[in-house]
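These notes concern the structure reproduced below.
Nothing in this text is a laboratory measurement; each read-out follows from the coordinates by a stated rule. None of the values given here were measured: they were computed from a predicted structure. So basically every Cβ, Gly included, is an ideal-geometry build from the backbone, and we count neighbours across all protein chains shown.
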Amino acid sequence: MKKIECYIQPYDLDTVAEALAVEGVVGMSVAEVKGFGVQRGFVRGENVKPGEFRFHPKMKVEMVVLEKDVERIIAAIQASLKSKQIGEGKIFVLPVADAVRTRTGERGRDAIM
């Protein structure tokens, strides 16, 4: 199992969620977050003092999926994001050692499907 975390622009959330639903993702978590990337939240050409940064609103979308589905889901997220501008998003893939459905005690694949 793998956990996919993607950070996207708030206005892209519905498009990404729809693409994930089409790909068969059965569950996801979404949170409003703030952050900045390599450019520290500034646009090119701005005068920036050392140590300065600017937080921007983002959406964090998380899901745990089977390893065989990871590349297909990443491709769906990328295809749903079309601006191709700096700050559009990032995708992270992390290993998941186990999952437990608390109600039934099911583990692993059974807990996420």
**Fill in**
With the 8 Å Cα cutoff and a minimum separation of six or more residues, the chain has a relative contact order in percent of 43 percent
**Request:** With θ set to phi - 60°, apply the Karplus curve 6.51 cos²θ - 1.76 cosθ + 1.60 along the range 4-18 and write out the HN-Hα couplings as whole Hz, x wherever there is a Gly or Pro.
**Result:** 9, 10, 10, 10, 9, 5, x, 6, 9, 4, 4, 5, 5, 4, 5
**Message:** In the chain, once you exclude exposed chymotrypsin sites (Phe, Trp or Tyr not before Pro) (DSSP loop, at most 14 other Cβ within 10 angstrom), what's the longest stretch remaining?
**Reply:** 56-113
**Asked** Relative to the Cα centre, what is the charge dipole magnitude of the chain, using +1 at the beta carbon of each Lys and Arg, -1 at the beta carbon of each Asp and Glu, and rounding to the nearest 20 debye?
**Response** 340 debye
**Asked** Which whole-Hz couplings ³J(HN,Hα) result when phi for each residue of the range 101-113 is put into the Karplus expression 6.51 cos²θ - 1.76 cosθ + 1.60, θ = phi - 60°, listed in order with x for Gly and Pro?
**Response** 7, 5, 5, 10, x, 4, 10, x, 3, 4, 6, 9, 9
**Request:** Among the trypsin sites (Lys or Arg not before Pro) in the range 65-113, which ones are in a DSSP loop with at most 10 other Cβ atoms within 10 Å of the Cβ? Mind listing them?
**Result:** K82, K84, R103
**Asked** If you compute log10 I(q)/I(0) by the Debye sum over Cα atoms at q = 0.13 Å⁻¹ for the structure shown, which of (1) -0.51; (2) -0.45; (3) -0.57 do you land on?
**Response** (3)
